[in-house]
Structure formats: structure tokens, C-alpha cells
Amino acid sequence: MTSRIDQIARQAAVSKATVSRVLNERPGVSLRLQKAVLTAIDVLGLERPSSLRPRSSGLVGLIIPSLEDPVYPILAQVVQTNLGNLGYTPVLCIQDQGSTKEDEYVGLLLDRGVSGIIFVAGRHSDTKLDGSHYDALEARHLPMVFVNGFMKGVAAPFVSCDDRAAGALAVQHLISLGHSRIGLSLSSATSISDMRLADGYRDFMSRSFGEMHDEWIDVSFGGEEGGYAGALRLLDKGVTAIACDSDLLAIGAIHALRQHGKRVPEDISVVGYGDSKMMSYMATPLTTVRQPMLAMGTFTSHILVDCINGDETPSGESLFPPELVVRGSTAVHQ
């Protein structure tokens, strides 16, 4: 026990007597020193006494799509950190293809007595899907926040990146490099995010060139395989640049182009959408439009807790601005 106290005292830069008082919950220790001791315990990987462990105000459901797309683990981590700081424990539910569906997860979460649910790119994000089970949750007055997508008639906060602006940013960047035959690779024809990206793409292309070529918009399917297939079809249509609806599609597109004798970016430029640290470390670092997951996740966590506490919160949609991150997958058109 003495060596443990010595460790904590050295890490926290306090006396052993102060550590002992904190561990035994004795008076005479300021909040600042108490926090320093508890932080030292956590940093050293030691277990706090049960009475000094943070208490959770309740459980919060976090339903997200597959973790294959790197933006969703980033969002989940940000939400988890913020909810923990606010006294809540997230219950992570991952919707891998063929796994538990959203409404089944909702039933499981309700059985566990969650205080609220965060839905990320769920049924609310696809125009072909029915969202009637949200009505039942509204009737129960269950606090909810929806991320990446929007559904009319649901009286809850929605949080999204401004996909229209993202589509325009990608096109604007490629046009500035001298490209005019710009393709758009999408993974869905009914995703609200993809529809908005296409709106931003069409608007900027029309304003720049006075016409639109809808044949340069390719709809495939998700993941690297979808990007691979879409890039080959766009290559046949003579595009010199491709904007993609995700970084995964962009990675698949680059792979397809290289296998078919095209250099990226010398022959064809590619832009992704999302961004994560790994995009900087690819063989050709990916130019992408960043979704601000740190800001979105922080806002989502706080607004859900406000809903749980009965505070006034904005219904409707809050849009967060995207950011162009230029790396090595785009270049001046020769």
C-alpha cells in the first residue's frame, strides 16, 4: 500500500499525506488537489476506491452504422468522452450489414431503461425507409438526437455536416485545378447525404459551365468495392477527376484507376469525403472534404443531455460547415 501511495504522490506532485486523505475521504484537501490525486490514479492505471469512482446518471443508446467508415469510430469516441464527462454511459450499438436492425436495437435499449438515444445515419437518413417507430418514441417522450440525415415530421434535433456545401467545395477545388470533366461517385440514390452532395455538385457545375452532365454522376454501393466499380464506369465516360461520397469510395476508386493504368493524381484527381488520420498516411495521401466530427459529436452529446434534463433545445436541423483538406490525390489537369 505504501508503494502505491508513493507512486500516486509522485505522479500528482503532492505529499503522501494528501494522497492518504483523498483515498480515505478525510477532510482538509482542496478540490484542486483532490482532482490531481484522482487524475494520477487514472494515469497510473490504478483502480479508484469504489466510493471515488464517477457515478453515471444513466445510460444513453448510441446506434451507429458499420465501423468500416473511419468517421463513425471518431464520432463514437467523441460522443463517449462527452457523455462520460456529463455523467452518462453510452451503450454502443453497431449496425453491421446483416446484424441487428435499428428497431431491434431500440427495443433492447428501452428494456435497459436508457435516458435517451442518438441515431447516426439510421433510418432517418434514407428516403426509402419508413420512420414510424420514431413516432412511438416521441409518444414516450424519449429524448432523441439524429446525426447525418433528416426526416420531416420528427420533432427532435438533427445534426449534420452541410453536404451541399461539401459537394460544392469538392467541385470548386477540382475546377480551380483546371478540371471540367468531373465525375461524382455516390453509394446510394436514396441517402439524404448523397442527394445533398449531388445538389451541391450540380449547382456548382451548372454555375461554372452553364450545363450539367448527369451521366457523370454514378450511383454504386458502399465501401471500397463500390468506389472501385464506380470509378471504372466514370473512367469510360472520360472524366479527369472524381469526387466521392466517402473516403472509402475514394480509396476504392484510386485502386481501380491504378489497376487500369491511370496515375493518381497525374492522370485523374480523386477527392474523398469524411477524413481521418489514416488518410494522411496512404501511399497517395487523400485530398478530402472533412466532416467536423469533433464539433458534431460534442454538440450532439450536450444537446441530448439538455433534452434529458428538460431544457429547451432547438428542433430542426443544425448544419456544420465542412472543410477542404488538400493532400496528394489532386493535381493541376494537364
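The values are calculated or read from the model by the stated rules, or taken from the named source; none is laboratory data. This is a predicted model, so every value here is computed, not measured. So basically every Cβ, Gly included, is an ideal-geometry build from the backbone, and we count neighbours across all protein chains shown.
Checking each residue in segment 199-225 for being surrounded by fewer than 21 Cβ atoms within 10 Å (Cβ to Cβ) and under 20 Å from the mean Cα position of the chain (by Cα) picks out 221, 223, 224. Just one of (1) under 25 Å from residue 290 (Cβ atoms); (2) of a type in the set (S, T, N, Q); (3) surrounded by fewer than 18 Cβ atoms within 10 Å (Cβ to Cβ) fails for residue 95. It is (3). Residues that are modelled with pLDDT of 95 or more and of a type in the set (S, T, N, Q) were ranked within segment 268-297; the one that is farthest from residue 181 (Cα to Cα) is 291. Check segment 129-141 and report whether any residue there is modelled with pLDDT of 90 or more, in a loop (DSSP other than H, G, I, E, B), hydroxyl-bearing (Ser, Thr, Tyr) and more than 20 Å from the chain's Cα centre (by Cα). No, segment 129-141 contains no residue that is modelled with pLDDT of 90 or more, in a loop (DSSP other than H, G, I, E, B), hydroxyl-bearing (Ser, Thr, Tyr) and more than 20 Å from the chain's Cα centre (by Cα).
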